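Got a structure here, written out as structure tokens. Questions coming.
The values are calculated or read from the model by the stated rules, or taken from the named source; none is laboratory data. None of the values given here were measured: they were computed from a predicted structure. Here Cβ is always computed from backbone atoms with ideal geometry, including for glycine, and neighbour counts include all displayed protein chains. Just so you know, the surface numbers come from the protein's heavy atoms only, side chains and all, with ligands and any DNA or RNA stripped out. Shrake-Rupley method; radii C 1.70, N 1.55, O 1.52, S 1.80 Å.
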Amino acid sequence: MTKLTFGRVPWRFIVIQAAILLVLVGFFKFYLPREARRAEKQNTAVREQKILAFFQDSVEKDSTRELKPPTVGAESPLYPERLRTTFSPQDAESALGVPNTMTTDFRGGEHLTWIGTAHQLEAAFNAG
């Protein structure tokens, strides 16, 4: 029967262990944060597209009311915008995903905010 002795450790074993340690440190220190930032940018860009599509699908110009342009030289009238249908918080979340911020006011109303790269969509829902 042979005895296990820890006499002199070969230098190759130490070099291999050091290389493995350096690879692991580099992976957790550099690659994972960079990948997380890239994924967050991609998610924000997708959220921006969802915000634009949701806004274009749910908002229309109210042609029954016309506003005069505030500038003197402008010829085209302005029309306010209105919602085509009334949404529930569940409808908005199913179309846009989980909101970035969510608060509740003192009367029980929900205030949801989705933040994209160029736009921010804020929705307020009453308690009823």
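Can you tell which of Gln42, Gln49 is open to solvent by 60 Å² or more (accessible area, probe 1.4 Å), under 19 Å from Ala123 (Cβ atoms), out of contact with any Ser or Thr (no Cβ under 7 Å at 6 or more places or on another chain) and not aliphatic (A, V, I, L, M)?
Values: Gln42 fails: under 19 Å from Ala123 (Cβ atoms).
Going through Gln42, Gln49 in turn, the sole match is Gln49.
Which of the residues spanning the range 72-109 are assigned to a strand (DSSP E or B) and modelled with pLDDT under 85?
The answer is Leu78, Glu81, Arg82, Leu83.
Could you say whether any residue in the range 11-30 is within 30 Å of His119 (Cβ to Cβ) and at pLDDT 75 or above?
No: zero hits.
Filter the range 110-119 down to the residues that are part of a strand (DSSP E or B) and either in contact with a helix residue (DSSP H, G or I) (Cβ under 6 Å, 6 or more places away or on another chain) or of a type in the set (Asp, Glu) (or both) and list them by number.
Glu110, Trp114
I'd like the full set of residues that are open to solvent by 70 Å² or more (accessible area, probe 1.4 Å) and touching a residue at least 24 places away in the same chain (Cβ under 8 Å), limited to the range 83-99.
Listed by number, the residues that qualify are Leu83, Arg84, Thr85.
Scan the range 33-60 and report the pairs whose first residue is part of a helix (DSSP H, G or I) and whose second residue is open to solvent by 90 Å² or more (accessible area, probe 1.4 Å) and not aliphatic (A, V, I, L, M), with Cβ atoms within less than 9 Å and a gap of 6+ or a chain change.
Lys41/Thr117; Thr44/Thr117; Ala45/Thr117; Arg47/Thr117; Glu48/Thr117; Ile51/Gln120; Asp57/Arg84; Ser58/Arg84
Can you work out which of the residues in the range 100-117 that are in contact with a strand residue (DSSP E or B) (Cβ under 6 Å, 6 or more places away or on another chain) and among the hydrophobic types (A, V, I, L, M, F, W, C) is most open to solvent (accessible area, probe 1.4 Å)?
Met102
Here's a follow-up. Give just the number: which of (1) within 30 Å of Glu66 (Cβ to Cβ); (2) open to solvent by 70 Å² or more (accessible area, probe 1.4 Å); (3) more than 12 Å from the chain's Cα centre (by Cα) does Gln120 not satisfy?
(3)
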